[in-house]
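The values are calculated or read from the model by the stated rules, or taken from the named source; none is laboratory data. Here the structure is a predicted model, which means the values were calculated and not measured. Cβ coordinates were reconstructed from backbone atoms using ideal geometry, including for glycine residues, and neighbour counts include every protein chain displayed. Ligands, DNA and RNA are excluded from the accessible area calculation, which covers all protein heavy atoms including side chains. Shrake-Rupley method; radii C 1.70, N 1.55, O 1.52, S 1.80 Å.
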Amino acid sequence: MIAKRWVRGLVGGVIAVGALAGCEVPPPPEAAPGPTAPVRAPSASRPARPPQPDRPSQPGAQPCPEGGVRLREAGGDAAMGLRLASLALVNCGTEPYVLDGYPELRVLDRQGAPVEVSAATGTNGVTTSVTGVEAAPRKMTLRPGAEATFSMVWRNTVTDVTVPAVEGWEIEVVPRPGAPRVRLRLTQPVDLGNTGRLGYGPWIERETR
């Protein structure tokens, strides 16, 4: 009796298993895709910068003019219409440069034309005060890189309203007899009014550190 029950149970289990095996089991659902990193649009390529021209780092890097010297402004003063300005001559060459006495000087306007002015050594009647233009001339030798200065004095005075005032914007200098002329464009004009007179001193060696 027990054996029959065991056989029946075994047959029923086989049938149940067969029934299950005959059924089509659906596959498990695919996993949902996880978060992905944002895709960046390709950046536009930047155009290459054009090469920059070389710039001189200091005035000494500029080409030295013919003759081996250049002019530069070296300060000034103005009080009650009396003007005083100094210019420096720099030996930018490779050889010693000899100076003796006074430069030869011309004052030019904005267009580079000479202005009407009586330029003479000393105070030239511009003033009776001591300005440095009365110094005694002497000979000197400028080594490469050294400087010498000279001073100019004038008045910004209008004595006749019918005569146009004069302004000089360039100074032209012959440092020594026979030397090439050297020009300098000024940042402040030689404002002569209509006095028509300018005095200037000799070369004075400038101490450099």
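Things to note:
- Tally, over segment 61-97, of residues that are over 30 Å from residue 196 (Cα atoms), among the hydroxyl-bearing types (Ser, Thr, Tyr) and open to solvent by less than 60 Å² (accessible area, probe 1.4 Å): 1
- Residue check for residue 66: charged (D, E, K, R), in a loop (DSSP other than H, G, I, E, B) and at pLDDT below 95: yes
Here's the yes/no breakdown for (1) in a strand (DSSP E or B); (2) among the small types (Gly, Ala, Ser):
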{"site": "119", "(1), (2)": "yes, yes"}
{"site": "151", "(1), (2)": "yes, yes"}
{"site": "161", "(1), (2)": "no, no"}
{"site": "172", "(1), (2)": "yes, no"}
{"site": "178", "(1), (2)": "no, yes"}
{"site": "190", "(1), (2)": "yes, no"}
{"site": "195", "(1), (2)": "no, no"}
{"site": "202", "(1), (2)": "no, no"}
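- Checking each residue in segment 183-205 for being at negative phi and open to solvent by less than 10 Å² (accessible area, probe 1.4 Å) picks out 190, 192, 198, 199, 201, 202, 203.
- When residues of segment 133-176 are limited to those that are loosely packed, with under 14 Cβ neighbours inside 10 Å and in contact (Cβ under 8 Å) with a residue 60 or more places away in the chain, the one nearest to residue 77 (Cα to Cα): 136
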